[in-house]
Amino acid sequence: MKTLTLSAPAKLNLFLHINGRREDGYHELETLFTFLDFGDELAFTLTSNQQEIVICGDTAGIPLEDNLIYKAAKILEPYKKIADGVDIHLNKQLPMGGGVGGGSSDAATTLLALNTLWQCQLTIPELAKLGLQLGADVPVFVEGKTAVAHGVGEQLEPIDIAQKWYLVVVPPVHVSTALVFTHPDLPRNTPKLKSGWKLSDTGNDCQTLVKKLYPEVEKTLAWLLKYAPTKMTGTGACCFAEFENREAALRVLETLPSSWQGFIAQNTSESICHRQLRAWQN
Ligand SMILES: C[C@@](CO)(OP(=O)(O)O)[C@H](O)COP(=O)(O)OP(=O)(O)OC[C@H]1O[C@@H](n2ccc(N)nc2=O)[C@H](O)[C@@H]1O
Ligand SMILES: Nc1ncnc2c1ncn2[C@@H]1O[C@H](COP(=O)(O)OP(=O)(O)O)[C@@H](O)[C@H]1O
């Protein structure tokens, strides 16, 4: 049986504004998502074992029922047009809960792969809607285009942006998304951007609070800012510095303090997962 191998790329929030809080506690966001040419890798192989969804690889002790890959496969199961089960092998490269969306990206890649392999014949908007049940960031990975998101991240407006190189640094702390969003000091009233906005008008509304709560994030931002424009992605803890070319990013990566981890990558207007899936289908 042929194996379908796809990337689950990282995302960056090039800005993240909080425009308000809904009655259900979720926050209205305005955020620019772009994808990196770096991420996890998932290999999908159909099996004759009809009911089985088996996940192996670097699942980092996440119980099967909590694994977003498993949840994505289960959500798609009712739409299967063939009887086969699936073996999914995960090669984890992305830090978990670091704001680069690895879990959401794994879930989206699983939805896209199994929609094809199980011949579910769902459209991308239908898959994105299913994905929203798994997390606010899943729809953008399913759609796979650099986009400004509104709502909780599900209303997507694709845009063209320049291609840059990023040095992403992973501070040695875990930031709780729920803690950030329930904190009384989080700013929640940034006005919506007006037409003609520039990236230089934007920021990350979680950054000041996360810096205060997690000094390691403050240290990381201060260190990167010596070299290039820098922001935090999502609710952190990862921070990214922007460069015009790979060499400049690499020079800074080479001087990274040894206790920190980091990687360099370029942003892509379309998720590499979508490109790979198209190539496989043709
Ligand atoms: C804010 C972002 C930006 O990308 O942060 P990161 O997680 O990437 O850092 C995401 O949208 C996060 O999405 P995701 O991580 O999928 O969040 P979810 O699991 O849906 O929600 C985790 C918790 O965060 C809060 N939450 C999340 C999203 C949102 N728009 N408003 C919220 O208030 C809720 O309390 C929720 O229970
Ligand atoms: N396959 C998976 N990969 C990563 N995280 C997962 C996965 N399945 C479930 N999770 C859970 O989802 C949480 C958020 O994951 P992730 O998308 O990496 O966060 P973030 O959006 O902050 O980068 C993790 O802390 C982890 O507990």
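The values are calculated or read from the model by the stated rules, or taken from the named source; none is laboratory data. Just so it is clear, the model here is predicted, and its values are computed rather than measured. FYI the Cβ positions are ideal-geometry reconstructions off the backbone, even for glycines, and counts take in every protein chain you see. These accessible areas exclude ligands, DNA and RNA; they are computed on the full protein's heavy atoms, side chains included. Shrake-Rupley method; radii C 1.70, N 1.55, O 1.52, S 1.80 Å.
Within the range 31-46, take every residue that is closer than 22 Å to Lys80 by Cβ and of a type in the set (A, V, I, L, M) and give me the one that is least open to solvent (accessible area, probe 1.4 Å). If we take residues in the range 31-46 being closer than 22 Å to Lys80 by Cβ and of a type in the set (A, V, I, L, M), then Leu42 is least open to solvent (accessible area, probe 1.4 Å). If you filter the range 55-97 down to residues that are of a type in the set (D, E, K, R) and under 18 Å from the mean Cα position of the chain (by Cα), you find that the one that is nearest to Pro172 (Cα to Cα) is Lys92.
Screening Asp66 against (1) touching a residue at least 60 places away in the same chain (Cβ under 8 Å); (2) within 13 Å of ligand 1 (Cβ to nearest atom) leaves a single unmet condition, (1). Per this entry, Val210 is not counted among residues that are in contact (Cβ under 8 Å) with a residue 40 or more places away in the chain, within 13 Å of ligand 1 (Cβ to nearest atom), part of a helix (DSSP H, G or I) and crowded, with 20+ Cβ neighbours inside 10 Å. Screening the range 188-197 for residues that are open to solvent by less than 60 Å² (accessible area, probe 1.4 Å) and closer than 23 Å to Glu242 by Cβ and picking the one that is farthest from ligand 2 (Cβ to nearest atom) gives Leu193. Checking Ser200, Ser195 one by one, the residue that is assigned to a helix (DSSP H, G or I) and either modelled with pLDDT under 95 or among the small types (Gly, Ala, Ser) (or both) is Ser200 and no other. Does Gly39 satisfy the condition of being touching a Ser or Thr at 6+ places or on another chain (Cβ under 7 Å), part of a loop (DSSP other than H, G, I, E, B) and either away from ligand 2 (no atom under 15 Å from the Cβ) or not hydroxyl-bearing (Ser, Thr, Tyr) (or both)? Spelling it out, it is not the case that Gly39 is touching a Ser or Thr at 6+ places or on another chain (Cβ under 7 Å), part of a loop (DSSP other than H, G, I, E, B) and either away from ligand 2 (no atom under 15 Å from the Cβ) or not hydroxyl-bearing (Ser, Thr, Tyr) (or both).
Grab the strands (runs of 3 or more DSSP E) fully contained in the range 60-179, keeping just those with 1 or more residues being polar (S, T, N, Q) and surrounded by fewer than 24 Cβ atoms within 10 Å (Cβ to Cβ).
On the way: elements: 85-91, 147-150, 155-158, 165-170.
Fully inside the range 60-179 and qualifying: 85-91, 155-158.
Report, by residue number, each residue of the range 84-107 that is more than 6 Å from ligand 2 (Cβ to nearest atom) and among the hydroxyl-bearing types (Ser, Thr, Tyr). Matches in the range 84-107: Ser105 only. Only a single item in (1) closer than 30 Å to Pro187 by Cα; (2) surrounded by fewer than 16 Cβ atoms within 10 Å (Cβ to Cβ) is not met by Asn19, and it is number (2).
If we keep just the residues of the range 47-56 that are within 17 Å of Thr109 (Cα to Cα) and open to solvent by less than 40 Å² (accessible area, probe 1.4 Å), which is nearest to ligand 2 (Cβ to nearest atom)?
Quick first cut of the range 47-56, residues within 17 Å of Thr109 (Cα to Cα) only: 53-56.
Narrowing the set further to residues that are open to solvent by less than 40 Å² (accessible area, probe 1.4 Å) leaves 53, 55.
Numbers: Ile53: 13, Ile55: 8 Å.
Top of the filtered list is Ile55.
Listed by first and then second residue, the pairs linking a residue in the range 251-266 that is in a loop (DSSP other than H, G, I, E, B) to a residue that is small (Gly, Ala, Ser), with Cβ atoms under 8 Å apart and 6 or more places separating them unless they lie on different chains, are Leu256/Gly262.
Considering the range 237-250, the residues that are assigned to a loop (DSSP other than H, G, I, E, B) and in contact with a Phe, Trp or Tyr (Cβ under 9 Å, 6 or more places away or on another chain) include one that is least open to solvent (accessible area, probe 1.4 Å), namely Ala237.
The rows are residues; the columns are (1) small (Gly, Ala, Ser); (2) touching a strand residue (DSSP E or B) at 6+ places or on another chain (Cβ under 6 Å).
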{"position": "Gly39", "(1), (2)": "yes, yes"}
{"position": "Phe44", "(1), (2)": "no, yes"}
{"position": "Ser48", "(1), (2)": "yes, no"}
{"position": "Ile55", "(1), (2)": "no, yes"}
{"position": "Ala60", "(1), (2)": "yes, no"}
{"position": "Lys74", "(1), (2)": "no, no"}
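Residues in the range 88-125 that are among the hydroxyl-bearing types (Ser, Thr, Tyr) and farther than 21 Å from Pro78 by Cβ: Ser104, Ser105.
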